[in-house]
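The values are calculated or read from the model by the stated rules, or taken from the named source; none is laboratory data. This one's a predicted model, so the numbers in the text were calculated from it and none came from an experiment. Don't worry about glycine lacking a Cβ; one is built from the backbone with ideal geometry, like all the others, and counts go over all protein chains shown. These accessible areas exclude ligands, DNA and RNA; they are computed on the full protein's heavy atoms, side chains included. Shrake-Rupley method; radii C 1.70, N 1.55, O 1.52, S 1.80 Å.
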Amino acid sequence: MITTYYDVMLVLSLALTLVYVFMWHKHFDVHITLTFVLVSVTNLGWAMLSRSQTLEEALAANRLTYIGGCYLMLNTMFVVFSMCQIRLNRWLRVALMLLSTSVFAAAMSMGRANFFYRSIAFERVNDTVVLSKVYGPVHSAFVAMTYLYFLMSIGAIVYSYVKKNQVSRKMLWLMFFPVVVSMLAFFGGRKLFPRVELVPAAFNFALVVCLVIAYRICLYDITDTAVDSLVQSGDTGLISFDFHFKYLGSNETAKAIFPELNNLTVDHSIRRSKFMAENGLPWLEAFKQDDSRDTARFDRGGRNYQVKLKYLFDGTRKRGYQFFITDDTENQQHIDLIDRYNAQLEQEVAEKTAHIVEMHDQLVLGMATMVESRDNSTGGHIRRTSEGVRLLVEAIRENRTFELTDAFCKAVVKAAPMHDLGKIAVDDAVLRKPGRFTPEEFEKMKAHAAEGARIVREILKGTDDDYFRQIAENVAHYHHERWDGSGYPEGLKGEEIPLEARIMAVADVYDALVSKRVYKESMSFDQAHAIIMEGMGKHFDARLEPCYLAAKPRLEAYYRSLS
C-alpha cells in the first residue's frame, strides 16, 4: 500500500510535468521548469526507495531524494525572488549554488563516509523500508541550509506584500502556500505519519501551484515578444489590464507619462483610482463594446498623447487589454509624411503581391490542367466546374439561405479548379481507362480525394492565406462526400461536410451528368435535373435545392454556350 502511494506520487508528478510541457512558453522562468524536473527526479527516488530490497538499493534511491532536498528549496527560492521582482546579487546566487552542491556532494557519500550519516542500517518491516540513521555534521548543515532557503523565501514574500504594490498579491499567496506546506511536510510529516513521507505529496501540491503560476505569469509579463521592441525603445508607454479592468502592470515610460500608475496596486480594479476611472475606464468600456474604437487622445502638460487600445494576448488567446501610449506632439507632421510614404509603399507592395498571387494562381491552374490532361474522360471539367461553382455561389448569395462572406465566396470559386489535383497520384491504367471501373479500380480512384487534400496543403503551406488554404483543402478532400454519409473518403454526413465541399459536389455531379465521357453520352438537361433533384437530401444538402433551382437557367445557358 505504501509502495503504491509513492508510485502514484511519481506518476502524478510526471503527469503534471507533461501538462507543463504543453503549457510551456519561452518567457516562463527557467527555475519553474527546473522545479518540475527536480520534483519528478525526487519522487522517482522515493518510489525506488519504497521498493528497495538491500541497503545498496536504498542508498542509491536515497541519493536521488537528496537532489530535491539540496536543490529544490534553492530553486524555489529563486522562483520566489524572480516573481517578487527582487534581484539577487550574482555572487550570492553562485555562493548559494556552491553551498547546495557541497551538501549534495556530501550526501552522495552516504554509506561510504561518515560525515553525512555516521551510520545507516536497512530493514523491511511489513513491506515498509526502514532506514535507521545516525546523522553526521554535514546533515546538520543540510537542515540549516533548508531553513535558510525557507526563511529567505518567506522573507521575500512578506517584504513584497508590504512594500511592493507592483507585485501581484495573488502570485504572492500562490507562492506562500507551497513553500510552507513543503517545509511542514519536510520537518513535521514523519511525526504525523511515521511510516510514510508526506514530502512527495507536498511537492506535487507545489507543482499544481506552479501550473497556476505559469498560467497567469504571461498576464504580468508586459515585455513579451510582441512589445519587446517598444519597451526597449523607451518611446511607448504600455499598460495592461485583464478583462475585469484590473490593473496588471505598466512599463516605466507609462509611469512617467501617468505618475498616478505608481499608486495603483496590481490585481486591483482601476475604478479605485479617480484618474483611471475618469480616463482609462471610459476608453476600455468603449473598446469592449466595439473594438474598432481603439484610439484615444489625452492632453497633459502641454503635450498630446495618443493611446492605442489592443487586446492582451497570451499566445493566441485574448486575456485582457493593453494601452500603447505615444507622445504625438512634435511628430505629427513627421507621422503624416510617414503615413503618405507608407500608403504609397503599401500600394506598391499590394501591386507586387497581387502579381505574385496571380502567378501562383496561374501555376496552380496550370498544374490542375496538367493533371486533367492525363484523364482522357474529363476534358474541360476544371473550367466547367469552376464556372458551375461560381454560378451556384452567386445564386446562394441571392437566395440568402446561407450567409456567405465575400472572402468565402472568392475562396470557393478560386479553389474549385484544385478539387481533382489528387488524380495526379492515380495510376494511368486506372485514370485513363476507356470505360467503367471495376470495384478494385474504383477504390484506387477514390484515393484521389485524400491525396488531393495533401497536395493542396503542400502547395499552399508557404502562403499567408490560411483561410483560403483550408477551404481549398476541404474542397479537394470532401467533394465526394454525401449528405447521407455514403460518400468517400471519410463517410462524413450532414453538416460534418464543409459547406464549400457541398457546393463543389453539386457542380461536380452536374458537369459529370451533362458532359460526354468515354464511357457514356451526355445527358439532357432535364435528365440531369431529375437526378440532381432526386439527390437532394441524400447526395446533396437539401438546403442547396432553392439555390440550385435559381442557378439552373444560368447553368444550362452556360453549357449550351459551350456546344
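Just a few scattered comments:
- Solvent-accessible area assigned to carbon and sulfur over the chain amounts to 58 percent, based on a 1.4 Å probe.
- For segment 466-481, the Karplus equation 6.51 cos²θ - 1.76 cosθ + 1.60, evaluated at θ = phi - 60°, returns couplings of 5, 4, 5, 4, 5, 5, 4, 5, 5, 4, 5, 6, 10, 6, 9, 6 Hz by residue, with Gly and Pro reported as x.
- Only DSSP H runs of four or more residues enter the estimate; each adds -39500 (n - 2.57), and after division by the residues of the chain the mean residue ellipticity at 222 nm equals -20500 deg cm²/dmol.
- Taking 12 Å as the straight-line reach from the Cα of residue 133, the aspartates and glutamates in range (excluding those fewer than 8 positions away in the same chain) are 123.
- Probe 1.4 Å, accessible area per residue of the chain, Å²: 51 Å²
- Per-residue surface analysis assigns residue 341 an accessible area of about 140 Å², computed on protein heavy atoms at 1.4 Å probe radius.
- For residue 314, residues with placed amide H under 5 Å, excluding near neighbours: 319
- In terms of the mean number of neighbouring beta-carbon atoms within 10 Å, the peptides 280-288, 381-389 order highest first as 381-389, 280-288.
- Highest-first packing order for the peptide set 137-143, 205-211 is 205-211, 137-143, based on the mean count of other beta carbon atoms within 10 Å.
- Structure-derived mean projected area of the Cα convex hull in nm² - corresponding label in (1) 54.2; (2) 30.2; (3) 38.4: (3)
- Remark: the residue 437-residue 208 segment gains 76.5 nm on full extension, using 0.36 nm per residue and subtracting the alpha carbon distance.
- Each label was represented as a point 7 Å from its Cα along the Cα-to-Cβ direction; for residue 295 and residue 402 these points are 3.7 nm apart.
- Within the chain: Cβ-based charge dipole about Cα centre, in debye rounded to nearest 20 (Lys, Arg +1; Asp, Glu -1): 2300 debye
- Between residue 86 and residue 177, residue separation times 0.36 nm minus the direct Cα-Cα distance comes to 30.8 nm.
- Violating pairs (Cα-Cα greater than 29 angstrom) within the set 423/461; 410/461; 444/552; 352/414: 444/552
- Over segment 147-202, all Cα pairs binned in 5 Å intervals from 0 give whole-percent P(r) values of 4, 19, 23, 18, 15, 10, 6, 3, 1, listed from short to long.
- In plain terms, the chain from residue 318 to residue 19 could stretch by 105.6 nm, reckoned as 0.36 nm per residue minus the Cα-Cα distance.
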